[in-house]
Each structure stands twice: as structure tokens, then as C-alpha cells.
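Novice: Could you have a look at this structure, given as C-alpha cells, before my questions?
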Amino acid sequence: MENISLLSQLVVSISVIIVWIFRYDNIVIEFKQYKLSDLLRNIVGAAKISLATMLILGIWYKELLIGSSLAMAFLMVCAQLAHVKVKNPWPKYVPSFILLVLSLFIAAFNYGLV
């Protein structure tokens, strides 16, 4: 189960980094579609990249995992709500939903619930 948690950490971290660094043009378009400000977009991006970094550091420093994974889960819930707000088709919900579930799993595992 520890290997699954570690794999989850890597999947969440790498996914967030790819989207927020290498596919940033898509993020700009989405935030405009959601009618959210550039400032909020930059705050969310900085938070997600920081949390992704903390999840990677959690490989060596386990005390970082519960807080960072719960914060990431919160941001993924916000992403789900943004999709609902603009009535996106269901396939748009899937990536953030998967990252939400993985983030909750990381927190539960490291809290000793799983």
C-alpha cells in the first residue's frame, strides 16, 4: 500500500507540474472561460506547484504529506466547482476528479486510515 501512496504522490505532482508549467496556455484559456482573474490564476498556480513540490519532498519528509495532499484535494474540489459553473462536458471533470481521489488517498494513507 505504501508503494501505491508513493505512486499517487508522483502522479499528482507530475500531472500538476506538466499542466501548470508546460501547458500553461491552456490554463490561461480555462481561467478566462471561468471568468476568473489573472491574479487568482497566478495564486492557484503558485499554490499547486508548491504543493506538488511538497508531495515530492514527502517521499523523504512524511510530515509534509497530510497537509499538502489535503490542500491539493481542496484545490481539485475548486476545479470541479469551476467545471460545474461553466457547464463543461463530463470529460473535462475527469482529470481533476482523479487527482482529487489520489490526493485524498495520500492523506488517508499517511494519516493511518487506509
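What follows is calculated from the coordinates using simple rules that are stated; it is not laboratory data. Just so you know, these numbers come straight off a predicted model, no measurement behind them. Heads up, the Cβs are rebuilt from the backbone with ideal geometry, glycines too, and the neighbour counts pull from every protein chain shown.
Novice: Considering only residues of the stretch 29-45 that are hydrophobic (A, V, I, L, M, F, W, C) and touching a Phe, Trp or Tyr at 6+ places or on another chain (Cβ under 9 Å), which is farthest from ALA71 (Cα to Cα)?
Specialist: LEU40
Novice: Next question, about the same structure. Return the residue satisfying two criteria in turn: it lies in the stretch 38-54 and is in contact with a helix residue (DSSP H, G or I) (Cβ under 8 Å, 6 or more places away or on another chain) and either touching a residue at least 40 places away in the same chain (Cβ under 8 Å) or loosely packed, with under 11 Cβ neighbours inside 10 Å (or both), and of such residues it is farthest from ILE17 (Cα to Cα). Spell out the reasoning first.
Specialist: Going through the stretch 38-54, the residues in contact with a helix residue (DSSP H, G or I) (Cβ under 8 Å, 6 or more places away or on another chain) turn out to be 38, 40-41, 44-45, 47-49, 51-54.
Right, trim to either touching a residue at least 40 places away in the same chain (Cβ under 8 Å) or loosely packed, with under 11 Cβ neighbours inside 10 Å (or both) and you get 38, 52-53.
On the way: ASP38: 19, ALA52: 7, THR53: 9 Å.
The residue in question is ASP38.
Novice: Continuing with the same structure: So, TRP60, is that one of a type in the set (Phe, Trp, Tyr) and part of a loop (DSSP other than H, G, I, E, B) or not?
Specialist: Numbers: of a type in the set (Phe, Trp, Tyr): yes; part of a loop (DSSP other than H, G, I, E, B): yes.
Judged against the criteria, TRP60 is a match.
Novice: Further question on the same structure: Starting from the stretch 99-114, take each residue that is touching a residue at least 40 places away in the same chain (Cβ under 8 Å) and list its partners that are in a loop (DSSP other than H, G, I, E, B), counting only C-beta distances under 9 angstrom and pairs at least six apart or across chains.
Specialist: Close Cβ pairs (under 9 Å, with a partner that is in a loop (DSSP other than H, G, I, E, B)) amount to PHE105/VAL114; ILE106/GLY58; ALA107/LEU113; PHE109/MET1; ASN110/GLY58; VAL114/MET1.
Novice: If a residue has to be surrounded by 14 or more Cβ atoms within 10 Å (Cβ to Cβ) and in a helix (DSSP H, G or I) to count, how many in the stretch 81-94 make the cut? Working first, answer last.
Specialist: Keep residues of the stretch 81-94 that are surrounded by 14 or more Cβ atoms within 10 Å (Cβ to Cβ), which gives 82-83, 88, 92-93.
Applying the additional criterion that residues be in a helix (DSSP H, G or I) yields 82-83, 92.
So the count comes out to 3.
Novice: Also, quick follow-up: Do the conditions hold for ALA82, that is, is it out of contact with any Cys (no Cβ under 7 Å at 6 or more places or on another chain) and under 11 Å from SER103 (Cα atoms)?
Specialist: Details: out of contact with any Cys (no Cβ under 7 Å at 6 or more places or on another chain): yes; under 11 Å from SER103 (Cα atoms): no.
Taking the combined requirement at face value, the residue does not satisfy it.
Conditions (1) of a type in the set (Val, Ile, Thr); (2) more than 13 Å from the chain's Cα centre (by Cα); (3) under 15 Å from ILE98 (Cα atoms), marked per residue:
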residue	(1), (2), (3)
SER8	no, no, yes
VAL12	yes, no, yes
GLN33	no, yes, no
LEU40	no, yes, no
ILE43	yes, yes, no
LYS48	no, no, no
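Novice: Being over 15 Å from the mean Cα position of the chain (by Cα) and surrounded by 11 or more Cβ atoms within 10 Å (Cβ to Cβ) is the filter here; which residues of the stretch 14-27 pass it?
Specialist: ASN26
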